[in-house]
Each structure stands twice: as C-alpha cells, then as structure tokens.
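First comes the structure, then the notes that go with it.
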C-alpha cells in the first residue's frame, strides 16, 4: 500500500508491474474515453444545443488546445512537486469539468467545460508517461507501454458502443455523465493504489530559464524529434477519423448511433491486436524495425481509403476496412513512439512527456480546425478520406526515414 509519502512498501516486482500497467491503462485511457465515448452523441448534441458544425468541432478543439498547453505547464510541475499531487489535482479538476459539461445549457458553456477537462486530462496523461520512465529503464518501457495500451484499447473498444447506447436512450448528457463516472473511478484508484514514482524532485524545474533549457535540450535531441513527430502524425491520422467519422457514418450514411458505436468498437479491437503484435515484434525485431512494419499498415490503409473515395465508392466498408488497417498500424506505432520519445531523458521525463503530448495535441487541433471547414455541407466522404491519406503518408515517411537513423544505445535498449 502507500505510506505517508505516497511510496510503496514491500511490493513484489510482479505486483509493481501490474499496478503500473493498470495505472497507465486508466490514466492514458482517460484520453479515448474523453473523445470516443461522446462521439456518437455529437449529431444529437448539435441539434439539442442548436449549434453549428464549427461549434461542435470546437468542443474537441478546445479540449485539445488546453490539453496541449496544460502538458507543457504540468510536466515541469510534476518534475518539481512529484507525479502524485499533480495527478490527484488534475483528476479532481477533470471530474468537476465532466459534471459541468453534462449540465451545459449552451454550446459555449460546453466548450468552456471541455477546455477545463483538457487541463485535467493533461495532468493524467503527462504524469502517466513520466511515471513510465520513473518506474522502468528504457529496455522495459516499450513492453510495459504496449501492455498498458492494450488495456487502453479495451477501453476505447467499449467507449463508443457505450456512448452510442447511452446517447440513443437517454441523450448526449448521459454520455457525458459516463465520462464523469470513469474519472471518479480513476481518481479512486490513484488515491488507493498509485504511489509516488519520482525519486528525486527538481527544485529548479519551474524556474523559467530552467523550463526553457529543459525544452531546448529535449527538442534538440534527434531521438525525441523522430519519435515525437511519429506519435504526433500517427495521432493526427487517428484523430482525423475520430473527429469526422460520426458525421459521415451517422448523417451521410444514415447509420444509427448504436451501430456507429459498434463500428468504433471494432476499430478499438483491431487497435488492441496491433498492441499485441507490437509486443511480439519488439522482442524479435527491435524498435525501429517494429515501427517500419507498423507503418506499412498505416500507409496501405491511407492509400486505400483515398483510392476508394476518388473512385466514387461511398459505403461503410469503403471507410471501415481501410481504417482497420490504419488503426492496426497505430497500435504498433504508439507504444514504440511514446516509449522512444521519453527514453533518453531519465532526469527530464516530465518535460519530454509534456512536449510529446503537446505535439500530439497540436496535431489534433490542426486536424479539428481543418475538418470544421471541410465537413460542413459535404455530400460525400472524400474530404475525410483525403485527410486520412495525407496524414498516413506523412506518418509513414517519418517512420521510414527519421526513426530508422542510428539511435543512441539508451533507446535501442527499449527493444530488448
């Protein structure tokens, strides 16, 4: 259990790994729960609040902006004061904001509450990634992250189906309340089971000069640039589908919310399979080779979805089958990318995690801003398909070039 300083006493190694994997799965899983669970409710939300497409997209964009900026700030805060207090405060803020979002009477109120949710989510995700580096040397990090992201995939698989059912039966507010329930359970687990992982706090971490120096050190590292860019572009590919698919499937292809939720759940199941294959490839082929293999699926899916859309094919299968290929690739690229980005920085894990998360959030914001202009008035799935293809190609270029350059031994060890 946890002593007065929040540390674990007498916990076996296997138990420590289990606690870490479950903690990472819950804390990182809060991100897909925040987005995926309410995606089936977006069309109904737009009608209920009388909002336009840009207003609805802003509920996602505001979340991602505060999520990205929050990580830049909270990464150094966690280096200064420890991961546990930042986690507790962030999850409490998130829970409050989730309850506020569920009670919003206007789209403006919902956007504001979602912005606060982004700050709480930033605390959860940035601390989770930093804790991975605190607890494990790089040779274990990629494997543990792959196990945790398998759990994240299970949450992502259940979230859209649950969101579709709740929004169809009780409306969009029920989906928001379900997010609040998950946040409360995550907060309870952190209180009871998650110890402080940071062994030595950095008293200089919040000094502006030190913060800037830390960011410069991280950004100048070629390994971080390779893996940080990889995770950002891979997430942009995924986020393009998440932000635009509900309108294509529900409004354009006339699927029910429940059916759409099940389709998203199938994508999450494929993602789980990708994380399992990632763990196998890491053991047998190493980090860079695993990334190279995963990108094959990303590229194939991106080219296929664009080719079908350009040929005039507009159906569930024409979007879903290519997405399965891309999401499988994502299940390989994300564990490798997230472990690789923080691996070289045992003393600056918070800053590295924050910058990696900020790049992902920035990519998502760019996608959201683009889709808010591309989707209104659409008569076919071509804008979404071309967006998916664009980011899939960029992801593959990084995976096959920057990531394949010789890496420092500390990162190569992550494949062991």
- Query: Within the stretch 315-324, can you find the residues that are more than 16 Å from residue 391 (Cα to Cα), in contact (Cβ under 8 Å) with a residue 40 or more places away in the chain and either in contact with a helix residue (DSSP H, G or I) (Cβ under 8 Å, 6 or more places away or on another chain) or in a helix (DSSP H, G or I) (or both)?
  - Reply: 316, 318, 320
- Could we say that residue 76 is free of Cβ contacts under 8 Å to residues at least 12 places away in the same chain and part of a helix (DSSP H, G or I) here? no
- Task: Name the one entry in 48, 130 that is closer than 22 Å to residue 199 by Cβ and in contact with a helix residue (DSSP H, G or I) (Cβ under 9 Å, 6 or more places away or on another chain).
- Result: 130
- Note on the structure: Only one of (1) surrounded by fewer than 20 Cβ atoms within 10 Å (Cβ to Cβ); (2) under 14 Å from the mean Cα position of the chain (by Cα); (3) free of Cβ contacts under 8 Å to residues at least 60 places away in the same chain does not apply to residue 154, and that is (3)
- Item | Test: residue in the stretch 107-114 that is surrounded by fewer than 21 Cβ atoms within 10 Å (Cβ to Cβ) and not in a helix (DSSP H, G or I) | no
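Rundown of residues vs (1) modelled with pLDDT under 80; (2) within 26 Å of residue 162 (Cα to Cα), yes/no style:
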residue: 3; (1), (2): yes, no
residue: 13; (1), (2): yes, no
residue: 17; (1), (2): yes, no
residue: 51; (1), (2): yes, yes
residue: 68; (1), (2): no, no
residue: 76; (1), (2): no, no
residue: 86; (1), (2): no, no
- Task: Go through the residues of the stretch 88-102 one by one and say whether even a single one is in contact (Cβ under 8 Å) with a residue 24 or more places away in the chain and either in contact with a strand residue (DSSP E or B) (Cβ under 9 Å, 6 or more places away or on another chain) or not in a helix (DSSP H, G or I) (or both).
- Result: no
- Message: If I ask for residues that are in a helix (DSSP H, G or I) and either touching a strand residue (DSSP E or B) at 6+ places or on another chain (Cβ under 7 Å) or farther than 20 Å from residue 232 by Cβ (or both), which ones from the stretch 375-403 would you list?
- Response: 382, 383, 385
- Considering every residue within the stretch 408-415, establish whether at least one is buried (at least 20 other Cβ atoms within 10 Å of the Cβ), out of contact with any strand residue (DSSP E or B) (no Cβ under 6 Å at 6 or more places or on another chain), modelled with pLDDT of 85 or more and part of a helix (DSSP H, G or I). no
- Item | Residue count for the stretch 26-38, restricted to those that are modelled with pLDDT under 80 and closer than 14 Å to residue 268 by Cα | 1
- Item | Unique residue being under 17 Å from residue 182 (Cα atoms), part of a helix (DSSP H, G or I) and within 19 Å of the chain's Cα centre (by Cα) when the list is 58, 28 | 28
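The values are calculated or read from the model by the stated rules, or taken from the named source; none is laboratory data. All values derive from a computational prediction rather than experimental measurement. Every residue, glycine among them, receives a Cβ derived from its backbone with ideal geometry; neighbour counts consider all protein chains shown.
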